[in-house]
1. Select the helices (runs of 4 or more DSSP H) contained entirely in region 27-145, then report the ones holding at least 3 residues which are surrounded by 21 or more Cβ atoms within 10 Å (Cβ to Cβ) and within 18 Å of the chain's Cα centre (by Cα).
2. Quick one: is LEU272 open to solvent by less than 10 Å² (accessible area, probe 1.4 Å), under 28 Å from ASP70 (Cβ atoms) and either out of contact with any strand residue (DSSP E or B) (no Cβ under 7 Å at 6 or more places or on another chain) or not hydroxyl-bearing (Ser, Thr, Tyr) (or both)?
3. Among PRO307, PRO326, which is the only one that is within 16 Å of LEU227 (Cα to Cα), touching a residue at least 24 places away in the same chain (Cβ under 8 Å) and not basic (Lys, Arg)?
4. Is it the case, given these coordinates, that GLY409 is among the small types (Gly, Ala, Ser) and at pLDDT below 75?
Amino acid sequence: MKAKEAPRELCSPRQGFAATLIISAVGFLVSFGFSLLTPVLPLYALTFGVDLAMVGVLVGSIGITKVVLDIPAGIISDSIGTKRFMVLGLIIVTASAIVSAFAVNQWMLLVGLVMQGAGSAVYFTSSYLAVSRLCPASKRGRHMGMFVSMQFLGSTSGPLIGGLFGQTLGLGAPFLIYAAFTTISLALVHFGIGGAQVEGSGGRIGVRQLNRSLRDGTLASINVGLLAISVVRIGLIATILPVFAARNLDMSPVEFGAILTAFSLANFITLLPAGALSDRLGRRPFMFTSLLMTGLLAITLSFVDDPLLFAAVMVAMGAALGLTGPIGAWTSDVSRPSELGASMGLFRTMGDVGSFLGPITLTLFLPGEGGGIEAAPFVMAGLIAIGASLPLLKARDPVASRRRKAAEGERGP
């Protein structure tokens, strides 16, 4: 049976919004659980007697697993059911958190983190597909903005609580809390989402269609931008900064967790309005500004030697990264309906390539045991973000084009 080129009307606008709200709530819970790990994961890995390079490998293992599975997840999702895939992903994530919590050596932790990457690839690729299908194109930025915003709202309090629990109950405790939240998420998806609402065409993609997604210049620019964002988020913020805060600024996990919470709050404040405004003004201005400002702020961090100034720059960076809210909607805008699964899988893959390469690449610039962190990893992350902003200037932006044509029509000949 041939895949349909046009999306089906699966539910009313009210039902679509309600389903998006549930998926967004799950995104909040899963992101909250994962953000508990951010201030403690590198330190937890160090308790197994590994060096900093191995810490980069352990943190990056989540990303490499996603890289391998994101495109297959996007393609297979429709074949077995998007809702079923979302449930499967949450089951794997729950199991991974339990394995990691009870790890007895770095290899058991590695298994848990690889499982985490697999579950995340399955869940988040299918959930992005689901949200893309639950809304009309004219409101895609709002729906995607809410979905992404709720993920980062989960990050608002997660790092602080994760640092507190890690410091008082042990560095493995946040993993158990993570497992509890993904169990709640599993129940919400299973009982709250109708399977027919989130299904669609696009799962059976051939090599030619995937090739077309790979060769699309705009999709390539968007994906390179997402890769750069992941290098900053996972390579710099999640891997380098916990060690920088401890060694260079003499901060505790709780203090660093508090700063990450402020970072995430600033991120949330700009995410939702950026998504809504992009439905009117276009996606490019927000994405370009986000990457450019993030790159400059990452370089600025290399000069920081005061905790208060560190907090201020982190808050500014959180606000800048929040402007990336429309990025998932932009991918949907420029993808054919029958290729949405492949495009979204590719979109997730490039983000996860950054999640894998970021920690490994940036930790290569770290000094030996006990030394302070120099400017090199910050400058490298900043240049990657700034460089990724430039191709976006030539990327096509369907929303901006429609707005421009509408304005020309109103002015008349």
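The values are calculated or read from the model by the stated rules, or taken from the named source; none is laboratory data. Just so it is clear, the structure is predicted and the values come from calculations on it, not from any experiment. For neighbour counting, all protein chains shown are included, and Cβ atoms are generated from backbone atoms with ideal geometry for every residue, glycine included. The accessibility values were calculated without ligands, DNA or RNA, using every heavy atom of the protein model including side chains. Shrake-Rupley method; radii C 1.70, N 1.55, O 1.52, S 1.80 Å.
1. 52-80, 82-101, 106-133
2. For LEU272, the condition - open to solvent by less than 10 Å² (accessible area, probe 1.4 Å), under 28 Å from ASP70 (Cβ atoms) and either out of contact with any strand residue (DSSP E or B) (no Cβ under 7 Å at 6 or more places or on another chain) or not hydroxyl-bearing (Ser, Thr, Tyr) (or both) - is not met.
3. Exactly one residue qualifies, and that residue is PRO326.
4. yes
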